[in-house]
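What follows is a single structure, written as structure tokens, with notes after it.
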């Protein structure tokens with residue numbers, strides 16, 4: 001009797017395993033955490049830091065013929081991040097840590113163009129607009145980032161950007177992209 005009950009138990013357990021939905025794990029979303037631990041907080045271009053703080057850089061209308069060869073670039077357009085505010089403490093050192101996001105080309109370190117009809121064969125390159133003017137390899141940690149020292153509750157980080165051809169042929173389209181960043185205080 002016990003043997004029959006044990007067999008029934010094993011068979012019913014086996015059937016339950018077959019019919020029961022398997023346990024699978026799926027990612028249904030992402031929660032991003034951000035912030036910093038600091039007693040210094042600078043406004044950026046007159047606005048509080050955060051997702052709503054956007055700096056627009058107009059790179060202009062550039063003819064595809066400007067890019068006759070790989071590496072040809074449009075004129076640089078400078079842009080600045082003016083840091084200020086009562087919590088922007090004098091003598092603090094500030095640099096930028098650019099986020100590693102999906103629209104960065106890991107080979108070139110440039111921003112890929114995005115949107116419904118982007119130009120092809122061209123990307124956006126970003127440089128420090130300082131005396132040495134080095135290209136910023138986006139997607140990689142900068143070994144010697146630009147550092148601004150706050151004086152009188154203000155500091156300026158200077159950059160420049162341009163389109164650069166990455167293929168023998170460039171086709172017309174939109175030239176839109178973005179990069180997020182975090183201010184790093186020392």
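The values are calculated or read from the model by the stated rules, or taken from the named source; none is laboratory data. Note that the structure is predicted; figures quoted are calculated from it, not measured. Heads up, the Cβs are rebuilt from the backbone with ideal geometry, glycines too, and the neighbour counts pull from every protein chain shown.
Taking the conditions (1) modelled with pLDDT under 70; (2) assigned to a loop (DSSP other than H, G, I, E, B); (3) out of contact with any strand residue (DSSP E or B) (no Cβ under 9 Å at 6 or more places or on another chain) in turn, residue 3 satisfies each one other than (2). Quick check: is even one residue across the range 123-146 surrounded by fewer than 16 Cβ atoms within 10 Å (Cβ to Cβ), touching a residue at least 40 places away in the same chain (Cβ under 8 Å) and in contact with a helix residue (DSSP H, G or I) (Cβ under 9 Å, 6 or more places away or on another chain)? Scanning the range 123-146, I find no residue that is surrounded by fewer than 16 Cβ atoms within 10 Å (Cβ to Cβ), touching a residue at least 40 places away in the same chain (Cβ under 8 Å) and in contact with a helix residue (DSSP H, G or I) (Cβ under 9 Å, 6 or more places away or on another chain), so the answer is no. Within the set 85, 71, 46, 60, the sole residue that is at positive phi, in contact with a strand residue (DSSP E or B) (Cβ under 9 Å, 6 or more places away or on another chain) and surrounded by 15 or more Cβ atoms within 10 Å (Cβ to Cβ) turns out to be 85. Taken together, the residues in the range 138-186 that are assigned to a strand (DSSP E or B), more than 19 Å from residue 50 (Cα to Cα) and more than 20 Å from the chain's Cα centre (by Cα) amount to 5. Residue 97 falls short on exactly one of the conditions (1) assigned to a strand (DSSP E or B); (2) surrounded by 17 or more Cβ atoms within 10 Å (Cβ to Cβ), and that condition is (2). Number of residues in the range 110-138 that are in contact with a strand residue (DSSP E or B) (Cβ under 7 Å, 6 or more places away or on another chain) and farther than 30 Å from residue 90 by Cα: the value is 15. Output the residues belonging to the range 60-91 that are farther than 26 Å from residue 137 by Cβ and part of a loop (DSSP other than H, G, I, E, B). Listed by number, the residues that qualify are 61, 63, 85, 86, 87, 88, 89, 90, 91. Residue 169 falls short on exactly one of the conditions (1) surrounded by fewer than 14 Cβ atoms within 10 Å (Cβ to Cβ); (2) closer than 15 Å to residue 79 by Cα; (3) touching a helix residue (DSSP H, G or I) at 6+ places or on another chain (Cβ under 9 Å), and that condition is (2).
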